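So the structure is just underneath, and the comments pick up after that.
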Amino acid sequence: MIRFAILGYGFIGAVHAATLKKVDDAQVVAVIEKDKSKWGAVTRGNIDVNGMGSLDVPFFESIAQMQDNVEADCISVCLPTFLHRSFAEQAMAAGMHVVCEKPMALTLNDCDAMIAATRASGKQLFIAQCIRFWPEYVELKRMHDSGLLGAPLSFRFQRLSGMPTWGGENSWFMQEDKSGGCLFDLHVHDIDFVNTLLGKPRALYARGVKLANSNAAVVSQYHYENNLLCTIEGSWLSFSGFKMSYTAVYENGQLEYDSTQSPALKLWKKGAAEPEAVHVAATDGYTEQYNYFVDCLKSGKAPALVPPESTRLSIELALAERESIEKGSVIEL
Ligand SMILES: NC(=O)c1ccc[n+]([C@@H]2O[C@H](COP(=O)([O-])OP(=O)(O)OC[C@H]3O[C@@H](n4cnc5c(N)ncnc54)[C@H](O)[C@@H]3O)[C@@H](O)[C@H]2O)c1
């Protein structure tokens with residue numbers, strides 16, 4: 001049994017706690033949350049996740065206080081992004097493995113420090129890039145790697161949401177130095193997935209929109225040696241709720257996903273008049289990432305599907321997108 005402590009019981013901390021109830025050989029043994037008004041509370045964010053509820057475990061104000069009372073094998077860092085590095089370091093130094101929410105950090109310096117702490121402590125660091133485990137994205141990667149649809153031609157990824165206002169209008173989310181804005185908070189999911197699907201681009205170009213001093217929407221184009229097209233859009237400006245989608249076009253067919261449609265995943269084969277629905281496992285990336293990481297911890301293996309070096313590359317790409325937005329020019333990588 002792997003014993004988890006959840007650090008930060010805001011929106012995603014509650015999702016982690018609810019998710020871990022469904023994962024074999026995993027148990028939440030404590031929550032560390034500095035805001036006592038949230039102790040035991042149900043929280044809400046931009047995704048409706050069934051099973052959220054109050055937790056029957058002790059709540060503490062700090063890692064040290066938790067360790068005086070409860071033993072945990074792993075800490076799930078669900079804190080505001082600017083705190084990821086320091087608390088991941090603290091948790092590993094205190095002898096625990098770490099699950100850390102995305103984005104890994106806001107600077108390469110912080111990513112490097114987290115990787116160094118992993119090596120120095122001998123503990124595992126798993127960055128929760130849940131889209132790598134989301135069934136419809138796993139299916140795209142499977143199709144892509146199999147070569148069944150022929151050569152890849154063009155890709156479009158989209159992630160739309162309203163403003164993350166669940167912490168209040170002036171919360172850390174709206175301070176770009178703390179959250180990185182929409183680019184690092186929302187868009188990074190697709191940056192990271194594209195990074196695992198197509199690899200590092202040779203160049204990129206991005207445009208962005210600011211609202212209340214924070215990056216609130218971005219559209220980027222990734223350039224690859226073989227000239228395939230790849231466009232990624234992330235936005236906090238949507239009035240119509242949360243939606244994630246992609247269109248992946250190959251020589252012999254097209255895979256199309258839209259989280260707001262039913263069926264959500266469709267395959268258009270070359271020459272076919274109608275698409276066929278593609279069925280994937282009825283699960284989600286939050287659950288599957290924990291199923292995977294718990295197995296890694298049980299078998300003493302590093303999480304090879306999400307090495308921290310690969311999530312560092314996603315931060316490098318997000319920084320390059322920000323530079324492109326600021327300079328208005330293509331960034332060679
Ligand atoms: N994977 C996803 O789909 C997803 C979705 C939302 C958020 N996130 C990420 O998760 C992280 C947290 O986001 P959120 O929406 O849960 O934020 P949030 O503001 O709702 O929750 C953060 C919590 O951390 C607590 N906290 C802050 N400092 C603390 C400290 N020193 N000790 C203990 N608790 C402390 C706050 O009181 C708050 O309850 C961010 O990095 C965000 O990008 C990921």
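The values are calculated or read from the model by the stated rules, or taken from the named source; none is laboratory data. Because the structure is predicted, anything quoted here is derived from the model rather than measured. Don't worry about glycine lacking a Cβ; one is built from the backbone with ideal geometry, like all the others, and counts go over all protein chains shown.
Things to note:
- Neighbours by Cβ (under 9 Å, 6+ apart or cross-chain): first from the range 139-150, over 16 Å from Ala277 (Cβ atoms); second among the β-branched types (Val, Ile, Thr) and at pLDDT 95 or above: Lys141/Thr196; Leu149/Val249
- Set side by side, the residues Leu198, Leu186 differ, and just one is within 16 Å of the ligand (Cβ to nearest atom), of a type in the set (A, V, I, L, M) and touching a Pro at 6+ places or on another chain (Cβ under 9 Å), which is Leu186.
- Selected residue (only one of Tyr250, Tyr257 is more than 30 Å from Ser171 (Cα to Cα), in the same structural domain as Met163 (by TED's automatic domain parsing), buried (at least 18 other Cβ atoms within 10 Å of the Cβ) and out of contact with any helix residue (DSSP H, G or I) (no Cβ under 6 Å at 6 or more places or on another chain)): Tyr250
- Subset tally (residues that are among the small types (Gly, Ala, Ser), surrounded by fewer than 18 Cβ atoms within 10 Å (Cβ to Cβ) and touching a strand residue (DSSP E or B) at 6+ places or on another chain (Cβ under 9 Å)) for the range 171-185: 0
- Just so you know, in the range 231-247 the residues that are more than 19 Å from Asn215 (Cβ to Cβ) and small (Gly, Ala, Ser) include one that is surrounded by the most Cβ atoms within 10 Å (Cβ to Cβ), and it is Ser245.
- Subset of the range 1-40 (residues that are among the polar types (S, T, N, Q) and part of a strand (DSSP E or B)): Gln27
- Check on Ser220, hydroxyl-bearing (Ser, Thr, Tyr) and over 21 Å from Lys327 (Cβ atoms): no
- Selected residue [out of contact with any Cys (no Cβ under 8 Å at 6 or more places or on another chain) and in the same structural domain as Lys22 (by TED's automatic domain parsing)] from Ser220, Ser299, Ser240: Ser299
- Residue match in the range 182-198 (condition: in contact (Cβ under 8 Å) with a residue 24 or more places away in the chain, outside any loop (DSSP other than H, G, I, E, B) and in contact with an Asp or Glu (Cβ under 7 Å, 6 or more places away or on another chain)): yes
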